[in-house]
Amino acid sequence: MMRIITGNAKGVRLATLEGDATRPTTERAKEALFSMLQFDIEGRVVLDLFAGCGQLSLEALSRGAAHAVMIDKAPDAIKIIKTNALKTKLDGLCEIYNCDFSEYIRKNRGKKFDIVFIDPPYASNLCVSALEKLVEADMLKPSSVVVCETGNEDLFLGNNSLAEKFEIVKQVRYSRSYLTILNPAKE
């Protein structure tokens, strides 16, 4: 059972997708993540590239984020995200798109986000690709916070030129997951 931990929608239970297509962030990892982000959320604009059931964006909105853009290429995930946005009464603060993350990035070059969640299926190794595309499309502010959840300790998978574009603020392991918080590297 997943729920919103705190804020305006505290305690609202979230619907999730059946099967193995998505792997929601565990309650413990989500709690730790949001305690790390707690002072970076108020009034911020969020981008969730692999939204799944929408729990990370909805938690951010519940805690005071101003707006969230949620992307998922699975039509079933989009239905669940819309259901959860309505349940939490946060739907007025959401944009929900049924498309591939790279398509959204390509069409929205230069649009800036304060917080970006990247939580793709672990086996896909799409975190590196998403980070590269965000940098190429100039979608991060110097103050942006990027949160990646991967199954790999080496978030950049040996891509040193990409690693140089980011500063790892914190990395924590939860069971099989690595939560890594990044900021764009200072020029």
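Annotations
- Of the residues making up segment 34-83, those that are open to solvent by 10 Å² or more (accessible area, probe 1.4 Å), out of contact with any strand residue (DSSP E or B) (no Cβ under 8 Å at 6 or more places or on another chain) and within 21 Å of Arg176 (Cα to Cα) number 1.
- Residue match in segment 33-41 (condition: at pLDDT 95 or above and of a type in the set (A, V, I, L, M, F, W, C)): yes
- Hits in segment 126-138 - residues which are among the aliphatic types (A, V, I, L, M) and over 16 Å from Glu187 (Cα atoms): Leu126, Val128, Ala130, Leu131, Leu134, Ala137
- Every condition in (1) within 24 Å of Val172 (Cα to Cα); (2) in contact with a Phe, Trp or Tyr (Cβ under 9 Å, 6 or more places away or on another chain); (3) open to solvent by 70 Å² or more (accessible area, probe 1.4 Å) holds for Glu31 except the one numbered (2).
- Within segment 124-145, residues that are basic (Lys, Arg) have Cβ atoms under 7 Å from residues that are buried (at least 18 other Cβ atoms within 10 Å of the Cβ) in these pairs: Lys133/Ile105; Lys141/Asp114, counting only partners at least 6 apart in sequence or on another chain.
- For Ala77, the conditions (1) under 29 Å from Glu187 (Cα atoms); (2) aliphatic (A, V, I, L, M); (3) touching a residue at least 40 places away in the same chain (Cβ under 8 Å); (4) in contact with a Leu (Cβ under 8 Å, 6 or more places away or on another chain) are fulfilled apart from (1).
- Residue check for Asn98: at pLDDT below 95, within 17 Å of the chain's Cα centre (by Cα) and open to solvent by 60 Å² or more (accessible area, probe 1.4 Å): no
- Taking the criterion of being in a loop (DSSP other than H, G, I, E, B) and open to solvent by less than 40 Å² (accessible area, probe 1.4 Å), the residues of segment 111-128 that qualify are Asp119, Pro120.
- Subset of segment 129-153 [surrounded by 12 or more Cβ atoms within 10 Å (Cβ to Cβ), in contact with a strand residue (DSSP E or B) (Cβ under 9 Å, 6 or more places away or on another chain) and in a loop (DSSP other than H, G, I, E, B)]: Met139, Gly151, Asn152
The values are calculated or read from the model by the stated rules, or taken from the named source; none is laboratory data. Keep in mind that this is a model prediction, so the values were computed, not measured. Methodologically, a virtual Cβ is constructed for each residue, glycine included, from the backbone with ideal geometry; neighbour enumeration extends over all protein chains shown. With ligands, DNA and RNA removed, areas are computed over all heavy atoms of the protein, side chains included. Shrake-Rupley method; radii C 1.70, N 1.55, O 1.52, S 1.80 Å.
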